[in-house]
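The values are calculated or read from the model by the stated rules, or taken from the named source; none is laboratory data. Being a predicted model, the structure only gives us computed values, none of them experimental. All Cβ positions, even for glycine, are placed from backbone atoms using ideal geometry, and neighbour counts span all protein chains on display. Side chains included, ligands, DNA and RNA excluded: accessible areas come from the protein's heavy atoms. Shrake-Rupley method; radii C 1.70, N 1.55, O 1.52, S 1.80 Å.
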Amino acid sequence: MSSAISTRRLTPEDWQLFRRVRLAALEEAPYAFGSTYEGEVDAPQSRWRQGLETRTRFIAEIDGVVAGTVSGGDGDSSGAAAMTGMWVDPRFRRQGVGDVLVKTVMDWARSAGYREMFLWVTDANTDAERLYQRNGFVRTGAAQDVRPGHLEYEMSRTI
Ligand SMILES: CC(C)(COP(=O)(O)OP(=O)(O)OC[C@H]1O[C@@H](n2cnc3c(N)ncnc32)[C@H](O)[C@@H]1OP(=O)(O)O)[C@@H](O)C(=O)NCCC(=O)NCCS
């Protein structure tokens, strides 16, 4: 029997939890992100709190255990939001947590009045690209270097 997946929005008071989950993501899946574990591990408390003020951060939990995280914030153009920081703990993959996190950010963006959602996904990250395609995202055609020898592709969908 599968357990229920719940999500909740983090506040600046949750900065230690945010730090733990984000560092776990950067350490476990360095290929997936533009930021690095080394670049963030020594950040002071103020930076973690700021990260919770400038973007809206969610965690997913299963039986009270953190299973994944995702963030939402302003996109590059007016009326557009951006989804970033998607990560599911390997122990909880292939159980629908990614789908729940996408829906959580889409719901947040819809109630915040955004009309379109953008994200970037690195080349060869087929698990993530399938997750986004299944949730209605398509490549926009934009691509950029994420690190030497690796591109990331932009995807979007209307909200
Ligand atoms: C990409 C990522 C977030 C996907 O998370 P996930 O929780 O495994 O995603 P889902 O469970 O929603 O979907 C994954 C697969 O499991 C399947 N699945 C979903 N629920 C399932 C269930 N109850 N039983 C079996 N399979 C299930 C989905 O159909 C999907 O299959 P597919 O890939 O063959 O199409 C995760 O692999 C990850 O964190 N990767 C590293 C970080 C990363 O790449 N982040 C994205 C940055 S852009």
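Here's the yes/no breakdown for (1) under 16 Å from the mean Cα position of the chain (by Cα); (2) within 22 Å of L26 (Cα to Cα):
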| residue | (1), (2) |
| --- | --- |
| L52 | yes, yes |
| A82 | yes, yes |
| A109 | yes, no |
| H150 | no, yes |
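Based on this model, can you work out whether S6 counts as among the hydroxyl-bearing types (S, T, Y), within 16 Å of the ligand (Cβ to nearest atom), over 27 Å from Y153 (Cα atoms) and open to solvent by 20 Å² or more (accessible area, probe 1.4 Å)?
Yes: the conditions hold for S6.
So which residues in the stretch 109-151 are of a type in the set (D, E) and modelled with pLDDT under 95?
The answer is D123, D145.
Taking the condition farther than 19 Å from I59 by Cα, within 8 Å of the ligand (Cβ to nearest atom) and open to solvent by 90 Å² or more (accessible area, probe 1.4 Å), does R130 pass?
Criteria met by R130.
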